[in-house]
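Inspection log for the structure reproduced underneath, given as C-alpha cells.
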Amino acid sequence: MSRLKLISYVSSPGLVLFSQGYVIVIMSQFELTSIKAMLENFSWGDTLSEIRGHFNDGFSMPPHPTAQVRPINADGVFAELISSPSGDPDRVILYLHGGGFVAGNCQTHRRIACDLAAASMASVLLIDYRLAPEHPYPAALEDTLTAYRWLVNTCRFDPSQVAIAGDSAGGNLALGALLSLRDAGEPLPASAFLISPYCDLTRAGKTFVTHTAMDPMVSPQLVEAMTAWYAPNGNLRHSLLSPLYADLSGLPPLLIHVGAAEILLDDALQLARQAGLANVAVELKVWQDMLHCFHLFAPMLEEGRWAIAEAGAFLNRYLGDSRLAA
C-alpha cells in the first residue's frame, strides 16, 4: 500500500484547499509580493562567474541572532557545524546547499542552516561540496558521502541520530546519498527533508514549460546550462543523477516542500508519487504561490518561517536521542 501522506499544518492566518490529491496552502501575500518585486530586477548573468557572484550576493541573509557557527574539516570536506543554545549536540542534520551544482556555499546557506538547527533542536553540518564544472559529477555526491561517513564513523553518531536535508540541487544530492548508502549496504539516516528537489535532470516535468512565466528565480535555460556543467557526459536518467528514475524502496521517511509557482513543482510531485509507490513514508506539501526554495527568505517571509518550523518538527520526530560512546 502506498504511504503517501498529505499534511496540512497551518498557522493563522491561513486556509487549506485540496487540489488533485495534494495540499495547497493559502497564506498572506504581502511579504511574498515584496520579494517578487526585488526579484524583478535580479539577473543571474550569462557566465559562470556572473552566476556565482550574483548568487552569493543575492541570497546571503542576515546572521542568525543566537546560532553558533564553527568551521569543521569533515575528512577533507570543508564544513560548518552550526548549533543553537537549545539544541541537542547528540543529533545532527547534514545539510546540502542548492545552487544548481555550480554555485552556493556555506555563506549563502548559513542562515537557513541556522534556522533549521533552531527549529529541529539539532546541530547542522553544512558542507561546501566541490562545484561543477571544475568538479563535475560525481564529485559533489562523493563529498556528501564523505561527510556522512565522517559523522557516523569518526564522530560516532548512530545513523538514527543523523538526518539529511537539502534544497534544489542539494535535494538531488541528498537523494543520491541515500540511494548510494542503501545500495552499499550501509546504514541510512533517520529521515530526509527536501526543499524543491531537482530530481529529474532530463527536465521532463510539465512544469518546466507550464510554470516558466510564474517562476521568478529559475528559468529552464539556466537549469539546462547548470545541468550541462554538472553532467556533461552522463546518462541523465541514471539513478544517481536523476533519482526520480531510481528504485526508492528502503529509503527513510521523506518530507518534501515545494512552491506551487516554480518550474520544479513536477519534480516534487512525481518524487512523492514514486516514493509512495515504493512503500516509503513521504509527506508532501505544496505551498501556494511560493517560489523556488522560499525557505531561504525566512528572515523576511512568514511562510518561510512556518515551513522551517514544520521541517524542524518533522526532523525532531525521527531523530534519535543518544550518541554512541567513542
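Taken together, the values in this text are just the output of simple stated rules run on the coordinates, not laboratory data. Note that the structure is a prediction, hence the values are computed from the model and not measured. No Cβ is skipped: glycine too gets one built from the backbone with ideal geometry, and neighbour counts run over all protein chains shown.
Numbers below:
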item: Distance histogram for segment 70-212 (every C-alpha pair counted, 10 angstrom bins, percent rounded to whole numbers); result: 12, 45, 33, 9, 1
item: Reduced Cα scattering model of segment 56-115, Debye log10 I(q)/I(0), q = 0.13, 0.25, 0.27 Å⁻¹; result: -0.35, -1.19, -1.31
item: Cα-based shape type of segment 225-311, given that a ≥ b ≥ c are square roots of the gyration tensor eigenvalues and the cut on a/c is 1.5; result: oblate
item: Antiparallel %, DSSP beta bridges [both residues in the chain], to 5; result: 35
item: The chain, relative contact order in percent, only Cα pairs under 8 angstrom and at least six apart counted; result: 23
item: Rounded to whole Å, sorted largest first: equivalent-ellipsoid semi-axes of segment 170-326, Cα gyration tensor; result: 25, 21, 13
item: Within segment 53-133, percent of DSSP bridges classed antiparallel, to nearest 5; result: 70
item: Shape call, segment 191-260: gyration tensor on alpha carbons, a/c limit 1.5; result: oblate
item: Over segment 226-326, relative contact order from alpha-carbon pairs under 8 Å, at least 6 apart, %; result: 23
item: Charge dipole magnitude, Cβ of K and R +1, D and E -1 - the chain, Cα centre, debye nearest 20; result: 560
item: Most positive-pole-ward Cα, Gln68, Gly304, Gly250, against dipole of the chain from beta carbon charges; result: Gly250
item: Cβ-based exposure ranking for Met300, Met290, Met217, in which fewest neighbours within 10 Å come first; result: Met300, Met217, Met290
item: Two-decimal Rg to Rh for segment 91-164 - Kirkwood Rh, Cα set; result: 0.99
item: Theoretical gain in end-to-end length, Asp46 to Asn235 [0.36 nm per residue, Cα-Cα removed]; result: 65.5 nm
item: Protection-proxy order for peptides 278-288, 114-124, 260-270, 231-241, each taking the mean of Cβ atoms within 10 Å per residue, highest first; result: 114-124, 260-270, 278-288, 231-241
item: Label zone at Ser249, where the point sits 7 Å out along the Cα-to-Cβ direction: segment 187-210 residues whose backbone N lies under 14 Å; result: none
item: Net charge of Cβ neighbours under 15 Å - reference Val124; Lys, Arg +1; Asp, Glu -1; result: -2
item: Length-normalised contact order of segment 105-238 in % [C-alpha pairs under 8 Å, at least 6 apart]; result: 21
item: Cα gyration tensor shape of segment 122-179, rounded if a/c is under 1.5, else prolate or oblate by comparing a/b with b/c; result: prolate
item: DSSP-defined beta bridges in segment 52-188 - what % are antiparallel, rounded to 5; result: 50
item: Over the chain: helical MRE at 222 nm, DSSP H runs n ≥ 4 each giving -39500 (n - 2.57), nearest 500; result: -10000 deg cm²/dmol
item: Furthest towards positive pole of dipole, Thr108, Ala174, His135, structure part the chain, Cβ charges; result: Ala174
item: Among 61-69, 33-41, 243-251, 156-164, the order from most to least packed when residues are scored by Cβ within 10 Å on average; result: 156-164, 243-251, 61-69, 33-41
